[in-house]
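Notes follow once the structure below has been shown.
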There are 2 protein chains.
Amino acid sequence: MSETYHIVPEETHNALVVAAYRHRGYTEDEANDAARFCVEAARHGIRTHNAIKALHLDHLFGSGSGGCVPGAEIEVLSSRFPAATVWNANRKLGQSVAYRAMEACMEMADKYGVGVVSVDNAFHYLWGGGYVMEAAKKGYIAYTNCTAALAEVVPFGGKLPTLGTNPHSWGFPTMDALGYPVVIDWATSVVAMGRVQQFKREGKALPPAAAVDADGNPTTDPAKAVALLPFGAHKGYGLSLINELTAAFIGGSLPTLRSRWADDGDKHTPNFFFQAIHPEALDGGDFARGRTQEENLKAVLADLFQDGNANCILPGQIEAEAAALSDRHHGLLFSRAEIEAFNEIAAECGHPAWDPSAFATT
Amino acid sequence: MSETYHIVPEETHNALVVAAYRHRGYTEDEANDAARFCVEAARHGIRTHNAIKALHLDHLFGSGSGGCVPGAEIEVLSSRFPAATVWNANRKLGQSVAYRAMEACMEMADKYGVGVVSVDNAFHYLWGGGYVMEAAKKGYIAYTNCTAALAEVVPFGGKLPTLGTNPHSWGFPTMDALGYPVVIDWATSVVAMGRVQQFKREGKALPPAAAVDADGNPTTDPAKAVALLPFGAHKGYGLSLINELTAAFIGGSLPTLRSRWADDGDKHTPNFFFQAIHPEALDGGDFARGRTQEENLKAVLADLFQDGNANCILPGQIEAEAAALSDRHHGLLFSRAEIEAFNEIAAECGHPAWDPSAFATT
């Protein structure tokens, strides 16, 4: 890293994040969930979803506009299906809902082999990778998808943005084999709209087939880009559609209404879908050369990344390396600009500002 | 269609396909499953996985080489998990196993909301889309993945082909909303190796980032291409990895050994993973404007494909249109070259040859 980073102790970070969420009306539990999540995002180098972005999104779409309701209670709906439950989140803080939903999936997976939680009336959970990563560290094969806040993506072959950037996240318990869980986690658009705006500021061209202009034609000019395209043509388009269809089955209304708050008697909330599978529920017990399931996983990974592929990066590896770096420094690494953004948050909620010179740097 | 197609009645097709499978030692049930599957592939225009290809693959990797064992019995392994079971397929015909596994998933989904079947010691099931399409038509949200026969795909950033073309297939019950199920079904490589060979014959350039040469460098020259690349860079790579990891948990051995038969005491079989979810198990009961779940699905689809996106093709639409065409002609549509290929199969198994002039054409 060429930039200088300030090493912020977790307690210092959490005191501010909790204060900021409390100031916006969230309960102590919610503020603690938010801080816990932001620590994990920052530790793993997920700068797009750290506390600064979480609080910014909360302002734009959450408690600042009615998309998220501090103190809301999750309602577990009655169901005749023991391995699949549906929750009405009543717009409760996304992180609190997601942590609990993933836990409920794991409990069901312990009993039934697999467990599913579908969430209606949800609010943004920020970084799906964080939830499946935790579940994978606990030993489960985990999955989540959600509908993104806004319809910014044009279906393959179309002109109008009617799909969200709809991410998918998968986590696999590969701790014994690799030292960290494999976490496959990305949006189904080539880039995010934030990236388009960044490229516009920096005068850079977009990658091909990432965005369209007002006429629905592909453009690499960020100044002309008004909507995004799915990655991988019809394949990423199909993946984005999965989230919209899943949400439609759960209770999501029209994609183009999402997060566009209006007093129109319609629904504007996104949806979450979570799943956990117990790895024993997949275990056929017949592994080559007398291996155990864990030994087999290790052997398969070694085969995939044998000599010639040794430089491949595994999904989750960069995050694991970032976490190791944070742990080595006994704190969270933030740039000077990020420290300043935290101090704006501090000013908002009346929390003492951070003195950058008080932090060690790297 | 500019080419002339011969309209082959299903009974005529099935008599030959059953005879061919019986000739190779398969039981009557297996031969019927194979024919049932090939009818669906042909009806839906899936020319890459019709009976000609199925029997060719059986010759290359199946009963012709030990990868598939005619008359093998499925062994249902004991499990403490009621919603997730593991089967040892003992290399039984892939179509027979896949039909039964998808049925078992649906039965578990009826009871638990979700059901999972993992299959070890499997043989090629040909077209995953066919199984999820049937489950979706029966009203379920269905998913399957498998490890492809050969390791032909280079992990993102690597040089050696150690991943399969590992397909994913999702089916959604959208019959009421669209008249056909949404079926998202594709391999995780940009193209198949068969396409590389076709482009080589036709002197055409490959798409960019679809294949690598012997040094692991991307090439558009099909004559230099020795291995494939995942679609969508790291995103398709992650999707391919999902199948390898899932297989590793079930009982699959090293990806580079797959279908490379040797008397080495190792395992060379692919794996299947199936899942069905009952749509009621996702239903939050709170649909905007008093809609039912089905009405909501229809409204969401109408929003996605509103004016401006009306020309978008939905995944599964082309297959549905092909099936409608087949049904209109009261038979399966095959080209003259395909009729000739069928007659080679007829010669192999001593079945009377088809007289092309006996079929109506279109």
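The values are calculated or read from the model by the stated rules, or taken from the named source; none is laboratory data. Note that the coordinates shown come from a computational prediction; the quantities given were computed from them, not determined experimentally. Positions of Cβ are backbone-derived with ideal geometry, glycine not excepted, and every protein chain shown enters the neighbour counts. With ligands, DNA and RNA removed, areas are computed over all heavy atoms of the protein, side chains included. Shrake-Rupley method; radii C 1.70, N 1.55, O 1.52, S 1.80 Å.
Here the stretch A:89-103 is the region considered, the condition is being under 18 Å from A:Ile141 (Cα atoms) and buried (at least 24 other Cβ atoms within 10 Å of the Cβ), and the residue that is nearest to the other protein chains (Cβ to nearest Cβ) is A:Ala101.
Checked against (1) part of a loop (DSSP other than H, G, I, E, B); (2) facing chain A (nearest Cβ under 10 Å); (3) at pLDDT 95 or above, B:Val86 meets all criteria but (1). Screening B:Arg24, B:Arg36, B:Arg80 for residues that are open to solvent by 30 Å² or more (accessible area, probe 1.4 Å), outside the structural domain of B:Glu340 (by TED's automatic domain parsing) and among the charged types (D, E, K, R) leaves exactly one candidate, B:Arg80. Residues that are surrounded by fewer than 24 Cβ atoms within 10 Å (Cβ to Cβ) and under 16 Å from A:Pro230 (Cα atoms) within the stretch B:215-234 comprise B:Ala233, B:His234, listed in sequence order. Evaluate the following for A:Thr269: is it surrounded by 17 or more Cβ atoms within 10 Å (Cβ to Cβ) and of a type in the set (Ser, Thr, Tyr)? Spelling it out, A:Thr269 is indeed surrounded by 17 or more Cβ atoms within 10 Å (Cβ to Cβ) and of a type in the set (Ser, Thr, Tyr).
Of all residues in the stretch B:318-350, how many are among the polar types (S, T, N, Q) and surrounded by 18 or more Cβ atoms within 10 Å (Cβ to Cβ)? It would help to see each step written out before you state the result.
First, pick out the residues of the stretch B:318-350 that are among the polar types (S, T, N, Q): B:326, B:335, B:343.
Within this subset, residues satisfying the condition of being surrounded by 18 or more Cβ atoms within 10 Å (Cβ to Cβ) are B:326.
Number of matching residues: 1.
This table checks each residue for (1) closer than 16 Å to A:Leu160 by Cα; (2) away from every other protein chain (no Cβ under 11 Å); (3) of a type outside the set (A, V, I, L, M).
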residue: A:Gln197; (1), (2), (3): no, yes, yes
residue: A:Gly203; (1), (2), (3): no, yes, yes
residue: A:Pro207; (1), (2), (3): no, no, yes
residue: A:Gly216; (1), (2), (3): yes, no, yes
residue: A:Asp221; (1), (2), (3): no, yes, yes
residue: A:Leu257; (1), (2), (3): yes, no, no
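Evaluating B:Pro167 against the criteria (1) open to solvent by 10 Å² or more (accessible area, probe 1.4 Å); (2) in contact with a His (Cβ under 9 Å, 6 or more places away or on another chain) leaves one unmet condition, (2). In the stretch A:8-44, the qualifying residues are those that are outside any helix (DSSP H, G or I) and β-branched (Val, Ile, Thr), and the one that is farthest from A:Asn343 (Cα to Cα) is A:Thr27.
B:Gly128 passes every criterion in (1) closer than 27 Å to A:Pro315 by Cα; (2) touching a Leu at 6+ places or on another chain (Cβ under 7 Å); (3) small (Gly, Ala, Ser) apart from (2). Please go through the stretch B:351-362 and give me each residue that is part of a helix (DSSP H, G or I) and open to solvent by less than 70 Å² (accessible area, probe 1.4 Å), ordered by number. If the condition is that a residue be part of a helix (DSSP H, G or I) and open to solvent by less than 70 Å² (accessible area, probe 1.4 Å), then B:Pro356 is the only one that fits. Just one of the numbered conditions (1) at the interface with another protein chain (Cβ under 10 Å from one of its Cβ atoms); (2) farther than 17 Å from B:Gly164 by Cα is not true of B:Gly232: (2).
On the stretch given as the stretch A:45-63, residues that are open to solvent by 10 Å² or more (accessible area, probe 1.4 Å) and either in contact (Cβ under 8 Å) with a residue 40 or more places away in the chain or part of a helix (DSSP H, G or I) (or both) total 12. When the criteria are applied in full, B:Leu150 fails the requirement of being surrounded by fewer than 23 Cβ atoms within 10 Å (Cβ to Cβ) and more than 18 Å from the chain's Cα centre (by Cα). Of all residues in the stretch A:318-350, those being in a loop (DSSP other than H, G, I, E, B), more than 16 Å from A:Val18 (Cα to Cα) and touching a helix residue (DSSP H, G or I) at 6+ places or on another chain (Cβ under 8 Å) number 1.
For beta carbons closer than 9 Å, sequence separation of 6+ or different chains, a first residue in the stretch A:140-166 that is on the phi > 0 side of the Ramachandran plot and a second that is modelled with pLDDT under 95 and open to solvent by 10 Å² or more (accessible area, probe 1.4 Å), the qualifying pairs are A:Gly157/B:Asn311. Across the stretch B:87-117, the number of residues qualifying as β-branched (Val, Ile, Thr) and over 20 Å from the mean Cα position of the chain (by Cα) comes to 1. Which one is most open to solvent (accessible area, probe 1.4 Å), of the residues in the stretch B:275-317 that are closer than 30 Å to B:Val17 by Cβ and more than 10 Å from chain A (Cβ to nearest Cβ)? Here the answer is B:Gln317. Step by step: first the residues of the stretch B:156-169, then only those that are touching a helix residue (DSSP H, G or I) at 6+ places or on another chain (Cβ under 6 Å), part of a loop (DSSP other than H, G, I, E, B) and at the interface with chain A (Cβ under 7 Å from one of its Cβ atoms), then the one that is farthest from A:Asn311 (Cα to Cα). Which residue is that? By that ranking, first place goes to B:Thr162. Here is a check on your reading of the model: is A:Glu134 open to solvent by 10 Å² or more (accessible area, probe 1.4 Å), over 15 Å from the mean Cα position of the chain (by Cα) and more than 9 Å from every other protein chain (Cβ to nearest Cβ)? Spelling it out, it is not the case that A:Glu134 is open to solvent by 10 Å² or more (accessible area, probe 1.4 Å), over 15 Å from the mean Cα position of the chain (by Cα) and more than 9 Å from every other protein chain (Cβ to nearest Cβ).
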